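Below is one structure; the comments refer to it alone.
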Amino acid sequence: MINKTVSNVQDALQGIENGMTLMLGGFGLCGIPENSIAALVQKGVNDLTCISNNAGVDDFGLGLLLQKKQIKKMISSYVGENAEFERQMLSGELEVDLIPQGTLAERCRAAQAGIPAFFTPAGYGTEVAKGKEVREFNGKMHIMEEAFKADFAIVKAWKGDTAGNLIFKGTARNFNPCMCGAAKITIAEVEELVEAGTLDPNQIHIPGILVQRIFQGEKYEKRIEQRTVRKR
C-alpha cells in the first residue's frame, strides 16, 4: 500500500507556483481546506486562477487570498457573502467566470472521469452560451461545456487514511468529492488521519487512487456563515 502522507501543509503545497489553476473544495464556509488556504496566503503565490463554488467571506476562506490580491481569476457560481469579491469584480481588478452551479460541478466531475466535454441545457440562450457549440437533443437545445483543466485540486475531508482514502461528513460532502482526481495533483487535508485498513471500506467516499498527498490539518474554525435561530 502506497503511503501518501506528507508531514505538513507546506510539504503538501510543494510545486504550486504563480499563474497556476487550483480547484478548491467546499461550499461557502462548509468543508473548505482552511489550512491549505492559509498556507497559500503565507506562500505568497500570485496570479492564481481558482475554481471554487464561491470565495468564502471577506476575512476567511478564499477571501484571504482575495485580500492579498493573489487571485487573478475566479471561476465560480456565486459571488454573495464576500464584499471584496464583489468589489474586485465590479472594478475590473478580478476576472470572473460565473457558471451555473450544476455545470460547475459537472465540469469538475468530467475532469475526474477523463471526459473532455459534455452537453447541457443549462445556460442556453444566455451569455453563458456565447461562443460555445450548440446541439439539439430530443427537441431541446444544449451547449457544450469542456471539463476543467487544473494543476492542483485541494480538498477537505473528515477522515482519511495513509493510502489517501477519504470520508466526508455531512454537507462537507459538496464539491470536495468531484474535485478529487480532477487535477494533475490532488491534495487532501483531513481532520483525522488513520492507518490504511482502519476505515470501513463501505463508508469510504473517495478511493485513494484519486489522491496524491494527504495530511492532518489542525485548528479548524468551522464558522457559521449565516446564523439563524428561532425566537424563544
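The values are calculated or read from the model by the stated rules, or taken from the named source; none is laboratory data. Note that the structure is predicted; figures quoted are calculated from it, not measured. Cβ: placed from backbone, ideal geometry, glycine included. Neighbour counts: every protein chain shown. To get the accessible areas, we keep the full protein, side chains included, count just its heavy atoms, and leave off ligands, DNA and RNA. Shrake-Rupley method; radii C 1.70, N 1.55, O 1.52, S 1.80 Å.
Since only F168, A129, V155 are under comparison, the one whose Cα sits farthest along the positive direction of the charge dipole of segment 127-184, derived from C-beta charges on Lys, Arg, Asp and Glu, is F168. Absence of a disulfide-compatible partner, taken as no other cysteine beta carbon within less than 4.7 angstrom, is noted in the chain for C30, C50, C180.
For the listed residue pairs K68/K149; K73/K159; K4/K156; K73/K149; K159/K222; K169/K219, the alpha carbons are over 19 angstrom apart in K68/K149; K73/K159. Near I214, once Lys and Arg are set to +1 and Asp and Glu to -1 for all other residues with Cβ below 10 Å from its Cβ, the sum equals 0.
Excluding same-chain neighbours fewer than eight residues apart, the aspartates and glutamates reachable from K130 by a Cα-Cα span under 16 Å are D97, E145, E146.
Taking the Cα centre of segment 52-190 as reference, the dipole from Cβ charges on Lys and Arg (+1) and Asp and Glu (-1) amounts to some 340 debye.
Relative to the current alpha-carbon distance between E133 and Y220, full extension at 0.36 nm per residue lengthens the span by 27.0 nm.
Compactness of the chain, taken as the C-alpha radius of gyration over 2.2 N^0.38 Å, stands at 1.03. Here segment 1-124 is assigned +1 on the Cβ of each Lys and Arg and -1 on the Cβ of each Asp and Glu. Its dipole about the Cα centre then comes out at about 320 debye. Quick one: net charge around I71, please, counting Lys, Arg +1 and Asp, Glu -1 for every other residue with C-beta under 11 Å from its C-beta. Net charge in that neighbourhood comes out at 0.
Can you check what the net charge comes to around E34, using other residues whose Cβ is under 13 Å from the Cβ of E34 (Lys, Arg +1; Asp, Glu -1)? My count for the surroundings of E34 gives -1. Taking all Cα pairs closer than 8 Å and separated by 6 or more residues, the relative contact order of the chain comes to 23 percent. In the chain, the portion of solvent-accessible area held by carbon and sulfur atoms comes to 48 percent [1.4 Å probe, whole percent, DNA, RNA and ligands not counted]. Springs between Cα atoms under 10 Å define the GNM used for the chain, and in it the highest mean-square fluctuation of M20, M179, M74 occurs at M20. Applying 0.36 nm per residue to the separation of N46 and I204 and subtracting their alpha-carbon distance, the gain on full extension is 53.4 nm. Would you calculate the separation in nanometres between label points at T171 and S91, each defined as 7 Å from the Cα along the Cα-to-beta-carbon direction? So the two model labels end up 3.1 nm from each other. Accessible surface area normalised per residue over the chain is 51 Å², counting heavy atoms of protein chains with a 1.4 Å rolling probe.
Oblate is the label for segment 110-232. Its Cα gyration tensor axes, ordered a ≥ b ≥ c, give a/c of at least 1.5 and b/c at or above a/b. Peptide packing for 43-54, 210-221 was compared via the average number of neighbouring C-beta atoms within 10 Å per residue; ordered from the highest value, the list is 43-54, 210-221.
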